[in-house]
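> My questions all concern the structure below.
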Amino acid sequence: MDSLRSFLDDLPPDEILRVSEPMSLDFKPTALVLELEKRRRFPVLFIERPEGGDVPVVANIFADRARIASMVGVERSAFNDAWVRAMEHRIPPVMVPDGPVHEVIETGEQVDAGRLPISRHFMQDAGRYIGSGILVCKDPDTGVRNLSFQRMQLKGPNRFGVSLHSRGHIWEHLQRAQARGRNLEVAVVIGAHPAIYLAAGAKVAMEVDEFDIAGALLGRPIELVRCRTIDMEVPAGAEYVLEGEILGAEQENEGPYGEYTGYSTSRSTRNVFVVKAITRRAKPIFLDIIPGYSTEHLLLGRAAKEAHVFSRLKEVIPTLKALNFPKSGTHFHAYMSFRKSAEGQARHALMLLFGLDAYLKLAVAVDEDVDVFNEEEVLWAVSTRFQADTDSFVVPKVFCNRLDPSSVDGMSAKLGLDATAPLDWDVERTSLPQEALDWANNLINRGG
Ligand code: MN
């Protein structure tokens with residue numbers, strides 16, 4: 001059965017950093033991951049002995065592009081194609097009678113979410129937060145399921161504050177439930193096969209069940225079991241599930257919380273999630289996702305988006321080579337490389353890029369010899385193939401993401417940079433014979 005642990009079992013041991021000494025979950029997982037990042041290290045963190053509990057915590061699984069590709073069984077360079085194939089050939093889930101997620105079932109007075117190993121991630125956070133929960137709900141009219149991530153602040157044994165500020169499908173569902181005077185049933189899945197996490201991050205039509213995409217990514221259907229206290233289905237192999245409802249008639253303060261921009265924000269829809277049951281494995285693993293401006297959080301958020309935008313852009317720009325949303329831009333920068341055959345194509349491509357992703361504020365187009373995953377090389381192209389007066393354009397006052405603290409009234413300016421060389425350029429890059437490069441690599445690999 002596909003699960004978080006089946007994925008972890010298949011990981012090379014040197015990709016896992018095990019911490020066996022007792023460790024507080026207040027700030028320390030975040031500190032460890034962010035300090036490792038400074039050293040360009042992105043291991044999976046396995047915290048064997050969190051203080052005050054006996055449930056191990058796993059974090060940082062999404063911090064590496066090659067690892068993300070391995071979650072769907074492909075090499076890094078094949079991820080975009082795998083994603084597009086999955087969107088076109090979805091595989092619906094299957095129901096199974098029982099699964100490990102129902103090994104322990106706690107309801108009513110037994111429910112105490114405070115016993116879960118939930119971290120406090122940043123000093124400014126209002127408290128302990130689950131950022132790794134996949135919220136499964138259903139369209140009140142059509143019954144089509146929806147999977148999404150929403151931040152959840154622990155408030156009491158059976159109570160969480162939740163913010164739906166990304167205004168996705170779950171927000172639409174809640175509006176319609178509220179209009180009928182009802183709550184919205186939600187199952188929060190914590191710890192499942194990471195392909196389900198990637199699918200939950202996809203921006204797809206309301207009519208699409210993200211479990212179908214997860215199945216397609218894995219090449220086989222996801223096995224689901226029925227929840228015990230609500231009309232919902234969850235992965236049979238999940239580690240934890242919180243069954244409950246988002247209240248239709250109550251709101252209360254939630255936040256602040258450290259968001260992907262690197263800033264703490266109190267922007268919140270101020271919703272309340274009440275837990276009816278906690279179901280789990282007998283010996284569960286808790287999955288944490290390091291939030292804020294961490295590589296893991298940003299990569300999980302944009303892996304699906306990059307693949308989607310890349311495929312749409314390539315429909316119009318067939319010579320598109322690569323697209324990168326670099327970490328420097330949180331979600332607001334994109335670099336694209338392509339082979340130019342006519343002047344003005346870069347501007348055309350950049351306008352398309354802005355049209356496909358409203359979060360973007362800076363987009364840079366470079367020639368195909370420039371590696372868009374190497375930010376230094378992109379800025380080198382800007383320094384040597386770009387003039388600000390003739391090769392840039394600004395579109396003012398465009399709809400944007402409001403978590404950008406510099407945005408004004410939900411709008412921002414879009415800056416496009418054409419850092420491609422003119423077609424009649426007579427400048428040549430320095431280069432080396434392949435034989436010399438091979439010799440150098442040989443020597444280095446021998447430990448020279
Ligand atoms: Mn959806």
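> Residue 424 versus (1) in a loop (DSSP other than H, G, I, E, B); (2) out of contact with any Leu (no Cβ under 8 Å at 6 or more places or on another chain); (3) surrounded by 10 or more Cβ atoms within 10 Å (Cβ to Cβ); (4) of a type in the set (D, E, K, R): which is the lone unmet condition?
Going through the list (1) in a loop (DSSP other than H, G, I, E, B); (2) out of contact with any Leu (no Cβ under 8 Å at 6 or more places or on another chain); (3) surrounded by 10 or more Cβ atoms within 10 Å (Cβ to Cβ); (4) of a type in the set (D, E, K, R), residue 424 breaks only (3).
> Of the residues 431, 383, which single one is of a type in the set (Ser, Thr, Tyr) and either open to solvent by less than 70 Å² (accessible area, probe 1.4 Å) or in a loop (DSSP other than H, G, I, E, B) (or both)?
On the way: 383 fails: either open to solvent by less than 70 Å² (accessible area, probe 1.4 Å) or in a loop (DSSP other than H, G, I, E, B) (or both).
One residue alone meets the criteria, 431.
> Go through segment 152-170 and give me each residue that's within 17 Å of the chain's Cα centre (by Cα) and away from the ligand (no atom under 16 Å from the Cβ).
If the condition is that a residue be within 17 Å of the chain's Cα centre (by Cα) and away from the ligand (no atom under 16 Å from the Cβ), then 152, 163, 165 are the ones that fit.
> Then there's this: Filter segment 173-189 down to the residues that are in contact with a strand residue (DSSP E or B) (Cβ under 9 Å, 6 or more places away or on another chain), surrounded by fewer than 20 Cβ atoms within 10 Å (Cβ to Cβ) and without any contact (Cβ under 8 Å) to a residue 40 or more places away in the chain and list them by number.
Answer for segment 173-189, where residues must be in contact with a strand residue (DSSP E or B) (Cβ under 9 Å, 6 or more places away or on another chain), surrounded by fewer than 20 Cβ atoms within 10 Å (Cβ to Cβ) and without any contact (Cβ under 8 Å) to a residue 40 or more places away in the chain: just 176.
> Also, quick follow-up: Here are some conditions: (1) within 16 Å of the ligand (Cβ to nearest atom); (2) over 23 Å from the mean Cα position of the chain (by Cα); (3) of a type in the set (Ser, Thr, Tyr). Residue 107 meets all but one. Which one does it not meet?
The one condition residue 107 does not meet is (1).
> I've got another one for you. Just the residues that are surrounded by 20 or more Cβ atoms within 10 Å (Cβ to Cβ) and not in a strand (DSSP E or B), please, taken from segment 219-229.
Correct list: 222, 227.
> Do we find a residue being away from the ligand (no atom under 16 Å from the Cβ), under 18 Å from residue 175 (Cα atoms), touching a residue at least 12 places away in the same chain (Cβ under 8 Å) and of a type outside the set (D, E, K, R) anywhere in segment 134-151? Full working, then the answer.
Of segment 134-151, the ones away from the ligand (no atom under 16 Å from the Cβ) are 151.
Subset that is under 18 Å from residue 175 (Cα atoms): none.
No, segment 134-151 has no match at all.
> Looking at (1) touching a residue at least 24 places away in the same chain (Cβ under 8 Å); (2) at positive phi, find the lone condition where residue 447 falls short.
Condition (1) is where residue 447 drops out.
> Given the criterion buried (at least 19 other Cβ atoms within 10 Å of the Cβ), more than 24 Å from the chain's Cα centre (by Cα) and closer than 26 Å to residue 204 by Cα, identify the matching residue among 349, 334, 304.
On the way: 334 fails: more than 24 Å from the chain's Cα centre (by Cα); 304 fails: more than 24 Å from the chain's Cα centre (by Cα).
Just one listed residue meets the conditions, 349.
> Filter segment 188-214 for residues that are more than 15 Å from the ligand (Cβ to nearest atom) and out of contact with any helix residue (DSSP H, G or I) (no Cβ under 8 Å at 6 or more places or on another chain) and give the result.
Answer for segment 188-214, where residues must be more than 15 Å from the ligand (Cβ to nearest atom) and out of contact with any helix residue (DSSP H, G or I) (no Cβ under 8 Å at 6 or more places or on another chain): 188, 190.
> Right, something else. Would you confirm whether any residue within segment 297-311 is outside any helix (DSSP H, G or I) and closer than 30 Å to residue 118 by Cβ? Lay out the reasoning, then the answer.
Filtering segment 297-311 for residues outside any helix (DSSP H, G or I) gives none.
Taking every residue of segment 297-311 in turn, none turns out to be outside any helix (DSSP H, G or I) and closer than 30 Å to residue 118 by Cβ.
Residue-by-condition table, conditions (1) more than 25 Å from residue 258 (Cβ to Cβ); (2) touching a helix residue (DSSP H, G or I) at 6+ places or on another chain (Cβ under 7 Å); (3) modelled with pLDDT of 95 or more:
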residue: 96; (1), (2), (3): yes, no, yes
residue: 101; (1), (2), (3): yes, no, yes
residue: 110; (1), (2), (3): yes, no, yes
residue: 114; (1), (2), (3): no, no, yes
residue: 117; (1), (2), (3): no, no, yes
residue: 120; (1), (2), (3): no, no, yes
residue: 123; (1), (2), (3): no, no, yes
residue: 126; (1), (2), (3): no, no, yes
residue: 135; (1), (2), (3): no, yes, yes
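The values are calculated or read from the model by the stated rules, or taken from the named source; none is laboratory data. All of these numbers come straight from a predicted model, not from anything done at the bench. With ideal geometry, Cβ positions are generated from the backbone for all residues, glycine too; neighbour counts draw on all protein chains shown. Ligands, DNA and RNA are stripped out before the accessible areas are found, and what is left, the full protein with its side chains, is counted by its heavy atoms. Shrake-Rupley method; radii C 1.70, N 1.55, O 1.52, S 1.80 Å.
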